[in-house]
Amino acid sequence: MEFESRYEINRTAEFIISKTFTRIALQFPDELLKDSTKVVSALKSKTRLLMKERNSERGEDDREVRFFVMADTTYGSCCIDEVGALHIDSQCVVHYGQTCLSPTSVLPAFFVFGKASINVSSCVKHLLDHVAKSDKPVMVLYGLDYAHVIPCIREELMEELGLSKAESHLKFSVADVLCSFISPTKDPRESMEHPGPSGKSGSNDSLSPSSGNYRLGGLTWDLPEGNKIEDYLLFWIGSDNSAFANVVLTFNGCDVVRYDAEEDSLVTEFTQQRRILKRRYYLVEKAKDANIIGILVGTLGVAGYLHMIHHMQALISAAGKKSYTLAMGRPNPAKLANFPECDVFIYISCAQTALLDSKEFMAPVITPFEAKLAFSRGSEWTGAYLMHFQDGGYVEDHNTSGIIEAQYIFQSANAISDSVSFTNSYFLAADPAKNGEEDTGETMALVQAAEKALQLRGKDHNPLTKQTAAKSGPEYFLNRGYRGLELNSDNTSPEPFIVGRSGKASGYRHE
């Protein structure tokens, strides 16, 4: 029964039968794939039973419900893999595990968040301690896998504080889950997540934002009229994952406390998350100097992704720059190194996979929001940060035919030198000469050009330098020169040969 409760077998089967679906795609993340066969068996048994009960009442024939397991999704596992589901003519996708609840384009989606274990009494005790210490009201946010215990936490809080439901809003508020079922939208600008107060729009009542309504990470909450989110202490229940990073970066002006349910402890130090914000500003300044921009397609299922691609292309074109659209699944340094002519990449994906740690990449990888700041005339970073590409992408200016003309802005790297990050064995430098090192010209790069570089250095201190001054792909390739792979070797005498391994890959000799 615990297994069926955790995977919500009854609720899922009732949903499938009520919608008369017969071809269902089950999407699992890697960590839950081991339970997929058990889930399929349980769903088959339950749907068969419900189908017989319904058809006996209506006098209809039984129909077979088929399930297909999807794993190793092309993009992030938090998004619905509509492309994979359409390959098997699926009528609906049932998604398991962590999700961003991004709206879909074609297929309806049903979500099973899971049920993580938590000590409710201990969580409430830590929460009450902060309510007593802080003069701010508390906004309780949480990972979706803790949504099943939120009603218990709310009730226990009200009992401990001795408050009625109406009075409890003065001390604390609890966010609600946005939905557990999503239908595809006709307009990609409907049914979106909004991390800030939004105006009245949309036709779907369950997702229509109202005044003072916030939506982020699959959660939604309302603030009383006249209140701002900065007036609240944010109390997060859950692990330090991408959903939590989304909250910290989006509401960077708020005090945040995280309750770690696994460790049963409070975390109040988030310097690392704040440092990420400084680095994102650094990448925005780097993007202003780019000539060639690569647009990375990081999703094919989130509603509005195609509109955002067109919007980025128009924005880049208005800035007098060249863009290339690339679809390659999940980006990694090896894949992006195949496009050395690109000075910067714009990654279009959902909010929870939007931030890529680009310190290992040969070129910065930024979000559409950061691209808008870099390429739009007069844009200044006020401190607000938007993660979901649908929150800040549609920018219109009636004086410039719908698209704000971008300005090509240069700023010295010295102004942002405090944002340079040192992590692992790599460091990032805007100019090697400004870091007190001589440019010997001996690099491990296959590509040499004439302008500034984004450098990566490993443990051997050999720099990997990427430099481009071309304004188009063909011009870049005309100027490209190959230097070879061994550039630092002073010994020109032949090396003795070494005997390698022999035998089959399943079992080499001498192993």
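Read-outs: derived from the displayed coordinates by stated rules, not from any lab. Everything numeric here is computed off the predicted structure, so don't read it as measured data. Glycine also receives a Cβ, built like all others from the backbone with ideal geometry; neighbour counts cover every protein chain displayed.
For a test of the definition: using alpha carbon positions, the gyration tensor, and the 1.5 limit on a/c, classify segment 282-375 as rounded, prolate or oblate.
Working: a/c = 1.37, a/b = 1.03, b/c = 1.33.
Taking the square roots of the gyration eigenvalues as a ≥ b ≥ c, segment 282-375 is rounded.
Which entries of LYS322/LYS372; LYS115/LYS228; LYS278/LYS322; LYS228/LYS286; LYS321/LYS372 have Cα-Cα distances beyond 22 Å here? All intermediate terms of the calculation are to be shown ahead of the outcome.
Working: LYS322/LYS372 15 Å; LYS115/LYS228 31 Å; LYS278/LYS322 27 Å; LYS228/LYS286 33 Å; LYS321/LYS372 14 Å.
Violating the 22 Å Cα-Cα cut-off are LYS115/LYS228; LYS278/LYS322; LYS228/LYS286.
Evaluate the relative contact order of segment 282-375 (contact order divided by residue number), counting alpha-carbon pairs under 8 angstrom at least 6 apart; express in whole percent.
41 percent
Where in segment 1-18 is the amide nitrogen less than 18 Å from a point lying 7 Å along the Cα-to-Cβ axis of SER56?
Of the residues in segment 1-18, 14, 17-18 have backbone N under 18 Å from the label point off SER56.
On a full-extension model of 0.36 nm per residue, what is the gain between ARG501 and HIS87, subtracting their alpha-carbon distance, rounded to one decimal in nm? Could you put the intermediate results ahead of the total?
Numbers: separation 414, 0.36 × 414 = 149.04 nm, distance 4.21 nm.
Result: 144.8 nm gained on full extension.
So how strong a dipole does segment 282-375 carry about its Cα centre when Lys and Arg Cβ are +1 and Asp and Glu Cβ are -1, to the nearest 20 debye?
140 debye
Positive end of the charge dipole of segment 282-375 (Lys, Arg +1 and Asp, Glu -1 on Cβ, about the Cα centre): tell me which of PRO368, TYR305, ASN332 has its Cα farthest that way.
Sorting the options by dipole projection puts first TYR305.
So, with +1 on the Cβ of K and R and -1 on the Cβ of D and E, and no other charges, what is the size of the charge dipole of segment 231-388 about its Cα centre, to the nearest 20 debye?
800 debye
Could you tell me which of rounded, prolate or oblate describes segment 213-367, using a ≥ b ≥ c as the square roots of the eigenvalues of the alpha-carbon gyration tensor, with rounded for a/c under 1.5 and, failing that, prolate when a/b is larger than b/c and oblate otherwise? Intermediate results must be reported in sequence, preceding the final value.
Numbers: a/c = 2.11, a/b = 1.77, b/c = 1.19.
It comes out prolate by the Cα gyration axes.
Give me the percent relative contact order of segment 1-105, please, defined on Cα pairs under 8 angstrom at least 6 residues apart.
Value for segment 1-105: 38 percent.
Given the options LEU101, PHE68, THR20, identify the residue whose Cα lies farthest towards the positive end of the charge dipole of segment 1-112 (+1 on Cβ of Lys, Arg; -1 on Cβ of Asp, Glu).
Selected residue: THR20.
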